[in-house]
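Novice: Could you have a look at this structure, given as structure tokens, before my questions?
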Amino acid sequence: VCLLMPSFKTKDGELSSGHHNLGGALHAIKEINDKNDGVWDEVLPDTIIVYEWYNEGGDSATSLQVAIECVTTAFGGTKADVVIGPSYSSTSMITNLILNNYDM
């Protein structure tokens, strides 16, 4: 899984909403991967989710760059099977155009 989510502080010093989305995604992956805690143990029972996180910073150009990395060189060149993100609709729409060309 390739996670395209921004993590930065706003000019007011607050963490970006993407930072909280990243935390939620990482927590879900942890719970799905832990097959002995009684939480979501039946979800993907024979699978361990491996992820790489890319900080796209809420920027369209960076989102495009990291989306291409996810489908070409991520995971040591084996590529991502799944891309989650970006967190914002403006960057998601542009990134989707690229990912569609890679059957994502």
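Novice: When a/c is below 1.5 the answer is rounded, else prolate if a/b is larger than b/c, else oblate, so apply that to region 31-104 with a ≥ b ≥ c taken from the square roots of the Cα gyration tensor eigenvalues.
Specialist: Taking the square roots of the gyration eigenvalues as a ≥ b ≥ c, region 31-104 is prolate.
Novice: Ok, one more. On full extension of the chain, what length is gained from A28 through Y102, given 0.36 nm per residue of separation minus the C-alpha to C-alpha distance?
Specialist: Working: separation 74, 0.36 × 74 = 26.64 nm, distance 2.57 nm.
Contour length minus the Cα-Cα distance gives 24.1 nm.
Novice: Further, regarding this structure: Aspartates and glutamates near K79 by alpha-carbon distance under 13 Å, same-chain residues fewer than 8 away left out - which ones?
Specialist: In chain and number order, the partners are E52, E69, D103.
Novice: Enumerate by residue number the trypsin sites (Lys or Arg not before Pro) in region 1-86 meeting two conditions: DSSP loop (anything except H, G, I, E, B), and at most 11 other Cβ atoms within 10 Å of the site's Cβ.
Specialist: Listed in order of number, the matching sites are K11.
Novice: Another one. Provide E42, E52 ordered by accessible surface of protein heavy atoms (probe 1.4 Å), highest first. Show your work: numbers first, answer last.
Specialist: Details: E42 135, E52 50 Å².
Highest to lowest solvent-accessible surface, that is E42, E52.
Novice: Anything in the chain that counts as a DSSP H helix reaching 15 Å or more along its axis (C-alpha) with Kyte-Doolittle mean of at least 0.0? List them, would you?
Specialist: Details: long enough: 17-33 (24 Å, -0.34); 60-72 (18 Å, 0.98); 89-100 (16 Å, 0.64).
The answer, listed by residue number, is 60-72, 89-100.
Novice: What does the extension gain come out to for I94 and Y51, with contour length at 0.36 nm per residue minus their alpha carbon separation?
Specialist: Details: separation 43, 0.36 × 43 = 15.48 nm, distance 2.20 nm.
Contour length minus Cα-Cα distance gives 13.3 nm.
Novice: Could you check the simple spin-label distance between D41 and E14, using points 7 Å along Cα→Cβ, in nm with one decimal?
Specialist: It is 4.0 nm.
Novice: What do you reckon, how do M93, M5, M104 stack up by accessible area (1.4 Å probe), largest on top? Walk me through the intermediate numbers first.
Specialist: Values: M93 130, M5 10, M104 75 Å².
The ranking, largest first, comes out as M93, M104, M5.
Novice: With a 10 Å radius around each residue's Cβ, average the other Cβ atoms per peptide and rank 83-89, 59-65, highest first.
Specialist: Values: 83-89: 21.0, 59-65: 17.6.
Output ranking for 83-89, 59-65: 83-89, 59-65.
Novice: For the chain, with every protein chain kept in place, what is the accessible area per residue (1.4 Å probe, Å²)? Display every interim value, and only then the final one.
Specialist: On the way: 6210 Å² over 104 residues.
Result: 60 Å² of accessible area for each residue.
The values are calculated or read from the model by the stated rules, or taken from the named source; none is laboratory data. Just so you know, these numbers come straight off a predicted model, no measurement behind them. Ideal geometry is used to build each Cβ from the backbone, glycine not excepted, and the neighbour counts take in all protein chains shown. Ligands, DNA and RNA are excluded from the accessible area calculation, which covers all protein heavy atoms including side chains. Shrake-Rupley method; radii C 1.70, N 1.55, O 1.52, S 1.80 Å.
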